[in-house]
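The values are calculated or read from the model by the stated rules, or taken from the named source; none is laboratory data. Keep in mind that what you see is a predicted model, and the values were worked out from it rather than measured. Counting neighbours? That spans all protein chains shown, and the Cβs are built from the backbone with ideal geometry, glycine included.
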Amino acid sequence: MHNGHMDENNSQYQPHPQRYESMQYRRLGNSGLQVSAIALGMWHNFGHDKPFADQRAIVLGAFDRGITHFDLANNYGPPSGSAETAFGMLLDSDLHAYRDELVIATKAGWRGWDGPYGFGGSRKYLMASLDRSLQRLGVDYVDIFYHHRPDPDTPLEETMGALRDIVASGKALYAGVSSYSPELLRQAAEIMDDEGCPLVCHQPSYSMLNRWVEEPTDTDGTESLLEAAADTGVGIIAFSPLAQGLLTDRYLHGVPEDSRAAAGKSLASSMLSESNLEMVRRLNDIAQERGQTLAQMALSWVLRRQGEFGEQTVASAVIGASSLAQLDQNIGALEQVEFSAQELAAIDDIARDAGINIWAAATRSKLSE
Ligand code: NDP
């Protein structure tokens, strides 16, 4: 129903004309940039391990459903870089006329290539990595360029200076950071404000089973990441809002062969412990009472209105999807993002930290400078 149109050769793509009618768009921090409340992430499912036709169906299906925000990184694949190459091919074959309707984000910080210049936050790495990303994507600029993780071995001023110069060069329109602690975010935001190139977003992991962004985690134990971001005007883009699939019906009755957990990648079997699955089952009951699937409730919850004036509210949830059916179901979350106080309390009562934040060590590696 939501799909756009292909001609008889399945080649000439026409996006769905009503694609902007049901999606929500939220302003990113203090910037003027609006992002779709649901973004499609390409960490998994866009490498050489998935047929290109399936990748094409998911990306074009997302655009047909009003998703304008696509999240990439230099190392997504496998192999590293192939997700950007795949997205570049889709830009070339189907989406070239719609470049101005897309927010394309990419990142560098985790291992991009061998040697000392393929990891971290040096000016040398970030500049070279973005050039490689632009080449794979076949574009002159990306919309958002992120420093992907804190680097304890590079001065923050150097990393921020590189982001500033990248924006000034026109190779990225906006700059962001990912997995920074509250204090490091404050310091980064201050440097970028002084440079006249404000950071527009922070991308942390966040889900009902991984709530570190709500907790006071700066060294004084007073400020949470959500508060630091709201106070500095930096928008929050939450990644892995479905806890890599744990917060869906995927693992309610065992481990399906085609699931991420079965693939032995980033979702370790230890994350499917009996205590975690018990939380998932109880949360699933609450979702059913709300008339949602668990995946939908998990997304509605991440996108719920937070803070007295809503300024701590997440702008966008970056999801993964291995099929168009999953994407369709997940977008349905936007029909019901409100929660009653009783529902929130019931969720708080069940949902505990599930030990799934595999990015915590990167955050801890540099808490402040
Ligand atoms: P999610 O938590 O959304 O998990 C996605 C996975 O959940 C899917 O691949 C699928 O797994 C399963 N799933 C999704 N919808 C459904 C559904 N309706 N029913 C059943 N199962 C479902 O996010 P990801 O962990 O994939 O991360 C999303 C994006 O966030 C990444 O692609 C990337 O862009 C970004 N990210 C950023 C990071 C950073 O450091 N900045 C780190 C990690 C992610 P299955 O394959 O089993 O079907």
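Annotations
- Some residue of the range 214-231 being assigned to a loop (DSSP other than H, G, I, E, B), within 16 Å of the ligand (Cβ to nearest atom) and surrounded by 18 or more Cβ atoms within 10 Å (Cβ to Cβ): no
Residues are listed down the side, and each one gets a yes or a no for (1) more than 16 Å from the ligand (Cβ to nearest atom); (2) over 15 Å from Y13 (Cβ atoms); (3) under 17 Å from the mean Cα position of the chain (by Cα); (4) buried (at least 19 other Cβ atoms within 10 Å of the Cβ):
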{"site": "L40", "(1), (2), (3), (4)": "no, yes, yes, yes"}
{"site": "W43", "(1), (2), (3), (4)": "no, yes, yes, yes"}
{"site": "A57", "(1), (2), (3), (4)": "no, no, no, no"}
{"site": "N75", "(1), (2), (3), (4)": "no, yes, yes, yes"}
{"site": "E84", "(1), (2), (3), (4)": "no, yes, yes, yes"}
{"site": "D92", "(1), (2), (3), (4)": "yes, no, no, no"}
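- Within the range 265-302, considering residues that are more than 12 Å from the ligand (Cβ to nearest atom) and not in a helix (DSSP H, G or I), the one modelled with the highest pLDDT: G291
- The set of residues in the range 278-299 being farther than 27 Å from E335 by Cβ and surrounded by 12 or more Cβ atoms within 10 Å (Cβ to Cβ) is empty.
- The single residue among Y20, Y98, Y25 that is of a type in the set (F, W, Y), touching a Leu at 6+ places or on another chain (Cβ under 9 Å) and more than 12 Å from the ligand (Cβ to nearest atom) turns out to be Y98.
- With respect to (1) under 16 Å from S122 (Cα atoms); (2) in contact with an Asp or Glu (Cβ under 7 Å, 6 or more places away or on another chain), the lone exception for Y174 is condition (1).
- Odd one out for D249 among (1) within 20 Å of the chain's Cα centre (by Cα); (2) within 30 Å of G235 (Cα to Cα); (3) within 10 Å of the ligand (Cβ to nearest atom): (1)
- Residue satisfying all of: in the range 45-55; closer than 19 Å to Y13 by Cα and not hydrophobic (A, V, I, L, M, F, W, C); farthest from the ligand (Cβ to nearest atom) among these: P51
- Members of the range 303-327 that are exposed (fewer than 15 other Cβ atoms within 10 Å of the Cβ) and either within 14 Å of the ligand (Cβ to nearest atom) or within 30 Å of D258 (Cα to Cα) (or both): S323, A325
- Just one of the listed residues (A57, A37) is over 28 Å from G264 (Cα atoms) and aliphatic (A, V, I, L, M), and it is A37.
- Number of residues in the range 195-213 that are hydroxyl-bearing (S, T, Y) and surrounded by fewer than 20 Cβ atoms within 10 Å (Cβ to Cβ) equals 0.
- Yes/no for G112 being over 16 Å from the mean Cα position of the chain (by Cα) and not aromatic (F, W, Y): yes
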